Each structure stands twice: as structure tokens, then as C-alpha cells.
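The values are calculated or read from the model by the stated rules, or taken from the named source; none is laboratory data. Just so it is clear, the model here is predicted, and its values are computed rather than measured. Reconstructed Cβ throughout: ideal geometry from the backbone, glycine too, with neighbour counts over all protein chains shown. We work out accessible area using only protein heavy atoms, side chains counted, and drop any ligands, DNA or RNA first. Shrake-Rupley method; radii C 1.70, N 1.55, O 1.52, S 1.80 Å.
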Amino acid sequence: MKKPAQPRYRIKLRWFRPLFWPPLIPIVFLIWLFNKISPVPLKIYLMRVDRIGHLAENAEQVCCKIDLGLIERQFRVYVYRDIPCNMVLFGMWSRVLHVKQFFLLIYDICKKFGGLGIISNEMQDPGRNEYNIVEKCKQHIAFTDDEVDDAKRQCCNLGYDGKNQHVCVLGRDNAYLLLHNKHEDNSHYEYRNVDINTYIPALEHLVARHTVFRMGSIAKDRLRISHPRIIDYPFSGKRSELLDVYLPATCRFFITCGTGLDSIASMCFRIPTLYVNFIPVDLLVNWGSSNITIFKHYWSTQEKRFLTLSEILDSGVGASYDAHRLKEVGVEIVDNSPEEILDAVREMEARLDGTWEETPEDAQLQRAFWEIFTRRHPNREYVARIGAAFLRGNPNWTR
């Protein structure tokens, strides 16, 4: 059987690393003994650094859990075993966390012996912020003055002088995973991809007041629109790791389909975030009181109609991360229309401007949606909103 190719982001470990283990085993034993007798144990946390969303979100959530006392008192050191996907963001976290790569050797020894109560994988999977813990805590990372000055200079080189506010727009396609995860078959993620050019009516609306950055380190398709206030950042030739972080961190709001980079805005810097073409439904954004979501639609090929929210949740398709599985059960995914995206953008602007007026009908539709969801997930904390026009135009989402 052919050995799977090593991911391109994995640090190539030296063959002689195990030679260090014998002299380190006594140290491991002393740490184990210390943890047995000390009320404040030493823990080694393995960071998730290979994908920018995990580097942003996982670290922020763990810090919030520590602030709220959801993780016991510990002496903590942090290690990583992949190449950091963004050295600027990693550097910002390194100013906050005690990253001591020497302890990776000790981590590996502990893992060989079942962890020994020393290692923690909390940063690998901290959960989904279901209890809105991020909004309850202060943010943990910030730019230095030099980073801000450098970012502003780079923005000027892109044609953005910072005199008006900017909005970031991110549409998922397969270009990043084809490069980043070429060792895997990523076709089951295809249903999460979007056509960025269906966002053009919303972009044309936004440029009346904002500069718009179409985000992404790489992208499959260029925007089919030319406007001095619309910057197709992946194709600008001036992308940098600093701007990958700075632009989401300082935008007025972030428009996304729920993928990676938006975690810098929504999690690390508490930027209001609009999720369009969001899927799977079961992972909806229930946190962040300034966040709004609209979903891709689930079409039943057998019954020739859109599934209701109750059917989506009860059948299990709302939790599926596998496009092939959805096809097998006769479900096609339909993207949001340009009009749905534009309506959601207008609502986000109005809410941030303080001019949004909720009608009794809108309030009832919100209650109807969240009641269905709460019955199935009663322990989550629900503070976000679903797009008002989206619920008005799609009654199946409140049944």
C-alpha cells in the first residue's frame, strides 16, 4: 500500500530527534511527579497552526475559556508541529502565549505514553463557541505600532488611503485546498464553494460608502467588475501576510460564507460578520450579537421543493459535511441569489448605522426560526440573527 504523501505544511522532522528522548525521560518523569502533587499542574498545549482559521479561532477560544475559568489553573506552555500558515498572526499569538518549541520533544515522549496527564489537545478542538464565550471576554491580540504603520503603507500601495471605511468579502472556492491539501481528496467540500461574481450587486451597493476588499490568499476566479473602490486582493500582486490579518481586523464588517480567514475578524477582533451562503446549517452562527446569517438552500430532487428547517435538522442533512452524501439522499444545494446577498448586506449596514427598524413580522419570523433550532440544541446561547429579508422570502426556513 502506497504511503500517503506528507502534507506540504507539515514540519519535516529530523530522523535524530528520538536520540534526545533518553536524557529527556527523567524530565518527563519529574513533570509527571510535579503534576501529581501540585495544585497547579504543568500542561503542554499543542497549537493548530496549519490553517489560518484554526490559528485564529482555536487560540482565541482557549484564551477566553481561561479568562472565564472554564479551564483549571495551570502552568501552560505551547508547542506546534506544523509550519505556521501566517507568521504575522502566529507572531501576535506568540506575544500572548508562552510558545516554547523545546517542549515539543517532551510532548512527543508524553504522547508515546498516553499523555501522562501532561499534554492538552484543547487547542486542536476547543468547540464551536456555542455559549458565546468570545463576546464575553476582551480580545487577546493586538498590532504593534510598527505593524500598523507598515500595514497602512501597504494599503496605500493597493490604492486604499484609509479615508473611508472598508468591508472585506470572502468567497470560498477550491483553489486554496488544491494547493494546501493536495494530498487529500477535497471534492466532498465542493458544496461549500461559491461563485464570487454573484456578489457583484452587493459590491456595487457597498462602494457608495466603502472600499471593498475581495479577500483570499489565492482564488480561482477574478471579479468580473472594475471599480476604483473594489480591490481584488488575491490578484493584486501585493498580498502580504500582514494585510491578510490587518484588513479583516480593521474592517467595518466582514462578509463570508464561513471559512478560515473570517475567524480573524469575528473571533479575534470582534468585527460584525455577515455570513451568506452558509452551510451546513447545523453549524450556524448562534454567537456574536452583531452577526447575521443566511443559508444555502436544500432542494429535494424527489419532491421538487425546498426542505424546511425542521426537515433539514431532523434528517441529518443539516449536519453533513459531505457533498457526495447529500447527493445520495437526493438533496441538491442551491446558492443564495444575488438579491438575497444584497438584502443581507443592506440589513447589516442599517443595523450598524442604527437605522434598522424591525417590524412585528420580522420579530415573529426570528422567533419561529430560533424556536425550531432551540428545540434541537437547547443548550446553546443564541444571540445572533438570521437575515430578515431571507426569512420573509423563504417561509420554509421557519417551519
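Observations on the structure shown:
- Full extension of the chain segment joining GLU357 with ARG73 gains 97.7 nm, where the gain is 0.36 nm per residue of separation less the Cα-Cα distance.
- Protection proxy ranking of 290-301, 224-235, by the mean of other Cβ atoms within 10 Å over each peptide's residues and highest first, is 290-301, 224-235.
- Distance distribution note for the chain: the fraction of Cα pairs above 36 angstrom is 30%.
- Within the chain, DSSP assigns beta bridges of which about 20% are antiparallel (rounded to the nearest 5).
- For the pair ALA389 and GLN364, the difference between a 0.36 nm per residue extended length and the Cα-Cα distance amounts to 7.7 nm.
- Alpha-carbon Debye profile of segment 37-176, log10 I(q)/I(0) at 0.15, 0.17, 0.20 Å⁻¹: -0.89, -1.07, -1.32
- Ranked by the mean number of other Cβ atoms within 10 Å of their residues, highest first, the peptides 193-199, 148-154 fall in the order 193-199, 148-154.
- Cross-link check: pairs LYS304/LYS327; LYS220/LYS327; LYS43/LYS111; LYS43/LYS112 evaluated at a Cα-Cα cut-off of 21 Å; pairs beyond the cut-off: LYS220/LYS327.
- Excluding exposed DSSP-loop GluC sites (Glu not before Pro) (at most 15 other C-beta within 10 Å), longest clean stretch of the chain: 185-302
- Choice from PRO39, PRO280, PRO272 with maximal GNM fluctuation in the chain (Cα, 10 Å cutoff): PRO39
- Residue-normalised accessible area of segment 64-163, expressed per residue, 1.4 Å probe, Å²: 53
- Relative pair counts by distance (%), Cα atoms of segment 73-136, 5 Å bins: 3, 13, 20, 24, 20, 13, 6, 1
- Violating pairs (Cα-Cα greater than 25 angstrom) within the set LYS136/LYS296; LYS238/LYS296; LYS36/LYS65: LYS136/LYS296; LYS238/LYS296
- Measuring nothing but protein heavy atoms, the accessible surface of the chain at 1.4 Å probe radius is 54 percent carbon and sulfur.
- Helical runs assigned H by DSSP (4 residues or longer) give the chain a calculated mean residue ellipticity at 222 nm of -10500 deg cm²/dmol, each run adding -39500 (n - 2.57) before division by the residue total.
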